[in-house]
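*Asks:* Got a structure here, written out as structure tokens. Questions coming.
Values in this text are rule-based calculations from the coordinates and carry no lab data. Predicted model, so just to flag it, every value in this text is computed and none were measured. No Cβ is skipped: glycine too gets one built from the backbone with ideal geometry, and neighbour counts run over all protein chains shown.
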Amino acid sequence: MPAARECPMCGETMKLKHTDHVVRVAGYPQPTTRTTVEWICPECDYFEEAEAEKA
Ligand SMILES: [Zn+2]
């Protein structure tokens, strides 16, 4: 995964943001946590999903 990425809208350097989601799966008593990774532009609020982490 690249360490840095330029915003396609304004050219600013985007930052990676990790967000944890609690996912409840039917049949499993314990909720599991999934992490999504997004590129966030601090200048114009543009964002896009980064490559999903492999389980
Ligand atoms: Zn931007």
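*Asks:* Using a simple charge model, +1 on the beta-carbon of Lys and Arg, -1 on the beta-carbon of Asp and Glu, nothing else, what dipole does the chain show about its Cα centre, in debye to the nearest 20?
*Replies:* It comes to approximately 360 debye.
*Asks:* Taking only the alpha carbons of the chain, what extent do you get along each of the three principal axes, in Å, biggest first?
*Replies:* The Cα atoms of the chain stretch 46, 20, 11 Å along their principal axes.
*Asks:* Let me check against my output: what whole-number percent is the relative contact order of the chain, with C-alpha pairs under 8 Å and at least 6 apart?
*Replies:* In percent, rounded to a whole number, it is 31.
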